Amino acid sequence: MKVSGKTRVCALLGDPAEHSLSPCFQNAAFQHLGLDFIYLAFTVKAEDLGDAILGIRSLRFHGLNVTMPHKISVIQYLDELDENAEKIMSVNTILNQDGKLIGYTTDGIGALNALKYNNVNPRNKKIVILGAGGASRSISFILAKEAEELVILNRTVAKAEKLASDIHRLIEGYGRIRWGELTEENIRKELQEADILINATPVGMSPNVDETPVDKRHLHPDLTVFDLVYHPLETRLLKEARMVGARTINGLNMLIHQGAASFEIWTGVKAPIDVMMKAAEEELKRRI
Ligand code: NAP
């Protein structure tokens, strides 16, 4: 990689950011296409975010990703939001357009593209999503427009209800949306006729790898099971889904596709998905 005074700088701001895979697969994509860009990652504490954004402006960084815990709080420092980010009230991507900082959210489109990349079309399907936090919110807003029916199940049922009512209020052209508590009985009932199950909770994430949000008795071969957790790559949920003959999609797919959508916002060039995926998989193998 040749870096010069003209190299455009993109970066991730998060806390923590040290273990992020984004520098690895974004730089692999820039190099593959011969783009004069570089991607770095910075750990930024919540109380330092305003100063960090001032620095980004004065140093003329070209693009940013922001991750936990800054996806909502960064909004106050931006000049403009795109339509989706404004409805969802979450930003994970920023473009510095001639000094104007514009916020986007690519999490939802990343999930949609991850499904399509794995030959799963959510149109007119019944989708059950577990969780009603930030990731579920971004994904639910996008998939509500595709699905025939979207069912949001969450431990705190009021949050699932709020998410469903925000979708009703803010977007047009969605299918049926229902919500409920994340209980075994609701999971059993809803999965019977479901086509796609998405886990947008951290259940099953390392170090709690023996946990699963869904008892394996409720999984079936007609399901696609998409787990947003990518550490481990094959969670207990995905392993049990594979064993009953369901199609499985791991969280790395979502990570790469949301990053690819950010890449396209910064560069205006189609992201080389396969190159990004391979770089991330190799980096993960190196870390084991
Ligand atoms: P978040 O905003 O903190 O929301 C967490 C959600 O999970 C909430 O709905 C919460 O329910 C639920 N939850 C937490 N612990 C639970 C438990 N023990 N049992 C049942 N439900 C539980 O987090 P997020 O940003 O949405 O992220 C959710 C997961 O997705 C994380 O594992 C994250 O790593 C993953 N993720 C992956 C990607 C990717 O690119 N692959 C991108 C974003 C997120 P309550 O409302 O009841 O607290």
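Things to note:
- Leu78 vs. criteria free of Cβ contacts under 8 Å to residues at least 40 places away in the same chain, open to solvent by 20 Å² or more (accessible area, probe 1.4 Å) and not charged (D, E, K, R): yes
- Hits in the range 32-74 (condition: touching a Ser or Thr at 6+ places or on another chain (Cβ under 8 Å) and over 27 Å from Val269 (Cβ atoms)): Ala46, Leu49, Ile72
- Those strands (runs of 3 or more DSSP E) of the range 57-135 in which at least 1 residues are among the basic types (Lys, Arg), more than 12 Å from the chain's Cα centre (by Cα) and under 26 Å from Ile187 (Cβ atoms), considering only elements entirely within it, cover 126-130.
- Helices (runs of 4 or more DSSP H) fully within the range 154-244 counting 3 or more residues that are over 26 Å from Arg286 (Cα atoms) and open to solvent by less than 10 Å² (accessible area, probe 1.4 Å): 157-170
- When residues of the range 136-152 are limited to those that are of a type in the set (Gly, Ala, Ser) and within 17 Å of the chain's Cα centre (by Cα), the one nearest to the ligand (Cβ to nearest atom): Ser136
- For the criterion of being within 16 Å of the ligand (Cβ to nearest atom) and modelled with pLDDT of 95 or more, Pro232 fails.
- Residues of the range 275-288 that are open to solvent by less than 100 Å² (accessible area, probe 1.4 Å) and either of a type outside the set (A, V, I, L, M, F, W, C) or without any contact (Cβ under 8 Å) to a residue 24 or more places away in the chain (or both): Glu281, Glu282, Glu283.
The values are calculated or read from the model by the stated rules, or taken from the named source; none is laboratory data. Quick caveat, the model's predicted, so the values are computed rather than measured. As a convention, Cβ positions derive from the backbone with ideal geometry for all residues, glycine included, and neighbour counts pool all protein chains shown. The protein model used for the area step is the full one, side chains on, heavy atoms only, and it has no ligands, DNA or RNA in it. Shrake-Rupley method; radii C 1.70, N 1.55, O 1.52, S 1.80 Å.
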